[in-house]
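Below is one structure; the comments refer to it alone.
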Amino acid sequence: MTFTTHSPEETIELGIKIGERLRKGDVIAMQGTLAAGKTTITKGIARALGISETITSPTFCLISEYHGKMPLYHMDVYRLEGADDFVSLGTDDMIYGDGVSVIEWSDKIMSELPEKTIILRITPNDDGSRLIEIENWHDISLNGA
């Protein structure tokens, strides 16, 4: 599925629609350049999960945990050397737990993610819009999003 958003607000709205359809154990592997909108779309996902806390990029703390209808584990693996570093963080309990995991810069650790991982690629365009591609989505359609 492919979507285009034209503002941070539209990107958050798409995140809300995605978040409303997530199930316990879903893992979203986000890919995109610096400032592509990965944290922005996570804000919408969090809102859909009933999380009222401010969502910020976990670049320096690596993992932020939020609680709403179900836990949200927001991870940023940009500073990790690779998959071994990711495993040593003890992320299995999160990825295979009762919450939703959103992983920024996931390209580095794809080998450690479940086969059913949802891949979300964000590409910023020159006009300020964002192309958002979603692969491996479960059977719930986002048509009309």
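Checked against the criterion of being open to solvent by less than 30 Å² (accessible area, probe 1.4 Å) and of a type outside the set (Asp, Glu), the candidates Ala35, Ala46 yield just one match: Ala46. Residues in the range 1-24 that are assigned to a loop (DSSP other than H, G, I, E, B) and under 24 Å from Asp92 (Cα atoms) were compared, and the one that is most open to solvent (accessible area, probe 1.4 Å) is Lys24. For the range 58-77, a residue qualifies if it is more than 15 Å from Asp107 (Cβ to Cβ), open to solvent by less than 20 Å² (accessible area, probe 1.4 Å) and not hydroxyl-bearing (Ser, Thr, Tyr), and the qualifying residues are Pro58, Leu72, His74. Could you tell me whether any residue of the range 31-48 is more than 14 Å from the chain's Cα centre (by Cα) and over 20 Å from Asp107 (Cα atoms)? Within the range 31-48, none of the residues are more than 14 Å from the chain's Cα centre (by Cα) and over 20 Å from Asp107 (Cα atoms).
Taken together, the residues in the range 3-35 that are over 22 Å from His67 (Cα atoms) and of a type in the set (A, V, I, L, M) amount to 2. The sole residue among Ser57, Ser64 that is modelled with pLDDT under 90, polar (S, T, N, Q) and within 13 Å of Ile103 (Cα to Cα) is Ser57.
Being surrounded by fewer than 20 Cβ atoms within 10 Å (Cβ to Cβ) and either modelled with pLDDT of 90 or more or in contact with a strand residue (DSSP E or B) (Cβ under 9 Å, 6 or more places away or on another chain) (or both): is that true of Leu142 here? So Leu142 passes the test.
Listed here are the helices (runs of 4 or more DSSP H) enclosed by the range 25-119 that have at least 1 residues being under 22 Å from Ile134 (Cβ atoms) and touching a residue at least 40 places away in the same chain (Cβ under 8 Å): 38-48, 92-95.
Out of all the residues in the range 123-138, which are touching an Asp or Glu at 6+ places or on another chain (Cβ under 8 Å) and either within 18 Å of His74 (Cα to Cα) or part of a strand (DSSP E or B) (or both)? Spell out how you get there, then give the answer.
At the first step, the residues of the range 123-138 found to be touching an Asp or Glu at 6+ places or on another chain (Cβ under 8 Å) are 123, 138.
Across the range 123-138, the qualifying residue is only Thr123.
Screening Arg121 with (1) in contact with a Gly (Cβ under 7 Å, 6 or more places away or on another chain); (2) open to solvent by less than 30 Å² (accessible area, probe 1.4 Å); (3) not hydroxyl-bearing (Ser, Thr, Tyr) gives one miss only, at (2). Determine whether the range 78-93 contains at least one residue that is modelled with pLDDT of 95 or more, in contact with a Lys or Arg (Cβ under 9 Å, 6 or more places away or on another chain) and open to solvent by 50 Å² or more (accessible area, probe 1.4 Å). Checked against the condition, which is being modelled with pLDDT of 95 or more, in contact with a Lys or Arg (Cβ under 9 Å, 6 or more places away or on another chain) and open to solvent by 50 Å² or more (accessible area, probe 1.4 Å), the range 78-93 yields no hits at all.
The values are calculated or read from the model by the stated rules, or taken from the named source; none is laboratory data. All figures in this text were calculated on a predicted structure; none of them were measured in a lab. All Cβ positions, glycine included, derive from the backbone under ideal geometry; neighbour counts span all protein chains shown. With ligands, DNA and RNA removed, areas are computed over all heavy atoms of the protein, side chains included. Shrake-Rupley method; radii C 1.70, N 1.55, O 1.52, S 1.80 Å.
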